[in-house]
Amino acid sequence: ERLRYLLVLLSLLHGTDSFYVPGVAPINFHRNDPVEIKAVKLTSSRTQLPYEYYSLPFCQPTKITYKAENLGEVLRGDRIVNTPFQVSMSVEKKCEVLCNFPNKPVTLTVEQSKLIAERIREDYYVHLIADNLPVATRLEFYSNREEEEKKKEKDVQFEHGYRLGFMDGNKFYLHNHLSFILYYHREDVEENQEPTYRVVRFEVIPQSIKLEDLKADEKGMCTLPEATGSAPQEIDPSKENQMLFTYSVHWEESDIKWASRWDTYLTMSDVQIHWFSIINSVVVVFFLSGILSMIIIRTLRKDIANYNKEDDIEDTMEESGWKLVHGDVFRPPQYPMILSSLLGSGIQLFCMILIVIFVAMLGMLSPSSRGALMTTACFLFMFMGVFGGFFAGRLYRTLKGHRWKKGAFCTATLYPGVVFGICFVLNCFIWGKHSSGAVPFPTMVALLCMWFGISLPLVYLGYYFGFRKQPYDNPVRTNQIPRQIPEQRWYMNKFVGILMAGILPFGAMFIELFFIFSAIWENQFYYLFGFLFLVFIILVVSCSQISIVMVYFQLCAEDYRWWWRTFLVSGGSAFYVLIYAIFYFVNKLDIVEFIPSLLYFGYTALMVLSFWLLTGTIGFYAAYMFVRKIYAAVKID
């Protein structure tokens, strides 16, 4: 018995694809088993405000039950709830009335009609799930192929969810009939066993059919009119409207295995673009690396050889270039506590992003586990506080700081405080709109408890050990009197530096940015974490290289105030991300109202701030290592 159990377990594990983590187990259905249809939310890329399903007057079951949700689902605005659709495995339904039997159609009040018309005008989509698979609408169109090929095949793409309705002129029409098409995969079983099925695709064809054309009988069955002769169900926002909500169910057998059932939703029409962008980025970065290595290493070798030779031959020869500032290059900057706190938050972000992308690349955060990505990111950021605190504490000690407790508090609250503040203000606006995207008060309290109960103590712990550790070893002593800085050329201006330094890292990743923006603002699935991991590595390399070049030029110009400047300049690509976000808003999104625009730019500000911290930190540590290396290589009396 045990052996058989073990074999079954092994065969199950063997059968699951690498895309699925053990724990997301397949559900086997027998014939006539109920397949529950649940509603997730209503979304629109025009308003960016999700609403829960029953915010509109849809048919309700006798008892409404909401699914317990994880942190990520709550933050995304998902409110998963049961629906009155009765669907059974491999049982066809021609047409059935959903609620209020035919002799008593659903009557929408003027208020409800107005609300539905408004949601149709705002281009809302309804999202349902069956066996955790989201519903999709099939879109068929001819691609720009040759004429003969056109007749043969159409291109098929899937749209997430289905449209609530459509407009024709100034009239509103509601999709009141849903034709569900569910695909099942028949599993291999022994001869005498009942066959088992698994749901592998969930499609819908929404239709708008006028009340008079839906011929319904007393039992709740109905007959659909011929496609040509039916009129759509109009919603007049100025009066009461009567209608029937109906649905039909059709089952089809499919060869798709359960493990690859998500492939339909993740079909990419532009993998070539992705590979092209990655190869383009790699070539650019290698090209830069080559130039950088040649220039910097040759120049440095020459500089170091000259400096060391000068010392041997003649002490009276006048020094020039970066060796001149050796007595000031490690002079602590202004506001060392704030600098070390921001860098600590940057390290925290870096560790979180690296782990999240790596884990997602292994397929552990696939879209099938809803909200997993967001939940993981939140918890990881909290736990990475120990590393952020350690690096911040050690740097603060190196910069001759003494008040470590205040420094630790600053590290734990500065960046998270800004994020929480912006999110809270935006949340108040979303609350005002009664959207499900508003974070409920208990969740907000839970997040605050995580911040002060997990993150803050861990930052203090890391800071304590970092501050106690030996400070970074600077190879040259700092003079007591700071030297005068000569007048700088125009191109050594901070803003010019930001523009010059930001363009290369941004160029290496901006195509990926388009897909990330589409996932966030247009309700697409993002799953290309393998690409994203490569892009992240390229970003780290290009930020480091650009930062080294900029700090070298600065020191050659005898300007030793490089600490803050390197941090600001290395984050220059964040400025280009902001410009791109504005371009995306104007060209790609159809947002016209104030609150959606405010949400877009509020969240964009958070993204830009986080990106600046991340790239600034990468650049700062690369430049710091470089500066220590070059000054260790020259002989200084």
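Filtered by the rule that a residue be of a type in the set (Val, Ile, Thr) and in a loop (DSSP other than H, G, I, E, B), the stretch 164-207 gives 189, 196. The residue list 468, 397 contains one member that is modelled with pLDDT under 95, open to solvent by 20 Å² or more (accessible area, probe 1.4 Å) and touching a Pro at 6+ places or on another chain (Cβ under 8 Å), which is 397.
If you go through the stretch 485-521 and pick out every residue that is open to solvent by 60 Å² or more (accessible area, probe 1.4 Å) and within 13 Å of the chain's Cα centre (by Cα), you end up with 2.
Condition (residue is within 26 Å of the chain's Cα centre (by Cα), aromatic (Phe, Trp, Tyr) and assigned to a helix (DSSP H, G or I)) applied to the stretch 458-481: is it met by at least one residue?
Checked the stretch 458-481: no residue is within 26 Å of the chain's Cα centre (by Cα), aromatic (Phe, Trp, Tyr) and assigned to a helix (DSSP H, G or I).
Take the residues of the stretch 580-601 that are within 30 Å of residue 343 (Cα to Cα) and either in contact (Cβ under 8 Å) with a residue 40 or more places away in the chain or of a type in the set (Phe, Trp, Tyr) (or both): which is surrounded by the fewest Cβ atoms within 10 Å (Cβ to Cβ)? Only one residue tops the list, namely 583. Taking first residues from the stretch 295-310 that are within 13 Å of residue 321 (Cα to Cα) and partners that are surrounded by 12 or more Cβ atoms within 10 Å (Cβ to Cβ), the Cβ contacts under 6 Å between residues at least 6 apart in sequence or on separate chains come to 304/633; 304/634; 307/323; 307/634. Just one of the numbered conditions (1) out of contact with any strand residue (DSSP E or B) (no Cβ under 7 Å at 6 or more places or on another chain); (2) open to solvent by 20 Å² or more (accessible area, probe 1.4 Å); (3) polar (S, T, N, Q) is not true of residue 604: (2). Of the residues 485, 503, 516, the single one that is closer than 30 Å to residue 77 by Cα and not basic (Lys, Arg) is 516. Would you mind finding the one in 479, 493, 474 that is of a type in the set (S, T, N, Q) and farther than 29 Å from residue 393 by Cβ? Matching residue, one of 479, 493, 474: 493. Restricted to the stretch 61-163, the set of helices (runs of 4 or more DSSP H) holding at least 1 residues that are modelled with pLDDT of 85 or more, of a type in the set (Gly, Ala, Ser) and not assigned by the TED database to the domain that holds residue 423 comprises 71-76, 110-121.
Considered as a group, the residues in the stretch 406-418 that are open to solvent by 40 Å² or more (accessible area, probe 1.4 Å) and of a type in the set (A, V, I, L, M) include one that is farthest from the chain's Cα centre (by Cα), and that residue is 414.
Scanning the stretch 186-215 for residues that are touching a helix residue (DSSP H, G or I) at 6+ places or on another chain (Cβ under 9 Å) and surrounded by fewer than 19 Cβ atoms within 10 Å (Cβ to Cβ) gives a single hit, 187. If you check residue 443 against the conditions, is it within 30 Å of residue 266 (Cβ to Cβ), outside the structural domain of residue 48 (by the TED database), open to solvent by 40 Å² or more (accessible area, probe 1.4 Å) and of a type in the set (Ser, Thr, Tyr)? So residue 443 fails the test.
Here 417, 437, 407, 401 are screened, and the one residue that is part of a loop (DSSP other than H, G, I, E, B), under 17 Å from residue 343 (Cβ atoms) and small (Gly, Ala, Ser) is 401. Residue 303 fulfils the conditions (1) under 30 Å from residue 623 (Cα atoms); (2) among the acidic types (Asp, Glu); (3) modelled with pLDDT under 75 except for a single criterion, (3). Which residues, counting only those in the stretch 27-86, are open to solvent by 30 Å² or more (accessible area, probe 1.4 Å), basic (Lys, Arg) and touching a strand residue (DSSP E or B) at 6+ places or on another chain (Cβ under 9 Å)? Within the stretch 27-86, 31, 38, 63, 67, 76, 79 qualify.
Do you know which residues across the stretch 530-564 are within 30 Å of residue 598 (Cβ to Cβ) and open to solvent by 20 Å² or more (accessible area, probe 1.4 Å)? Answer for the stretch 530-564, where residues must be within 30 Å of residue 598 (Cβ to Cβ) and open to solvent by 20 Å² or more (accessible area, probe 1.4 Å): just 532.
May I ask you to verify whether residue 109 is among the polar types (S, T, N, Q) and either in contact with an Asp or Glu (Cβ under 6 Å, 6 or more places away or on another chain) or surrounded by fewer than 18 Cβ atoms within 10 Å (Cβ to Cβ) (or both)?
Numbers: among the polar types (S, T, N, Q): yes; either in contact with an Asp or Glu (Cβ under 6 Å, 6 or more places away or on another chain) or surrounded by fewer than 18 Cβ atoms within 10 Å (Cβ to Cβ) (or both): yes.
Yes.
Pairs are defined by a Cβ separation below 6 Å, a sequence spacing of at least 6 or placement on different chains, a first member in the stretch 495-507 that is within 15 Å of residue 578 (Cβ to Cβ), and a second member that is in a helix (DSSP H, G or I) and open to solvent by 40 Å² or more (accessible area, probe 1.4 Å); the pairs so defined are 498/575; 502/575; 502/576; 506/576. Could you tell me whether any residue of the stretch 509-525 is at pLDDT below 85, among the aromatic types (Phe, Trp, Tyr), in a loop (DSSP other than H, G, I, E, B) and farther than 16 Å from residue 287 by Cα? Yes, the stretch 509-525 has at least one match.
The values are calculated or read from the model by the stated rules, or taken from the named source; none is laboratory data. All figures in this text were calculated on a predicted structure; none of them were measured in a lab. Every residue, glycine among them, receives a Cβ derived from its backbone with ideal geometry; neighbour counts consider all protein chains shown. Keep in mind that these areas ignore ligands, DNA and RNA; they rest on the heavy atoms of the full protein, side chains included. Shrake-Rupley method; radii C 1.70, N 1.55, O 1.52, S 1.80 Å.
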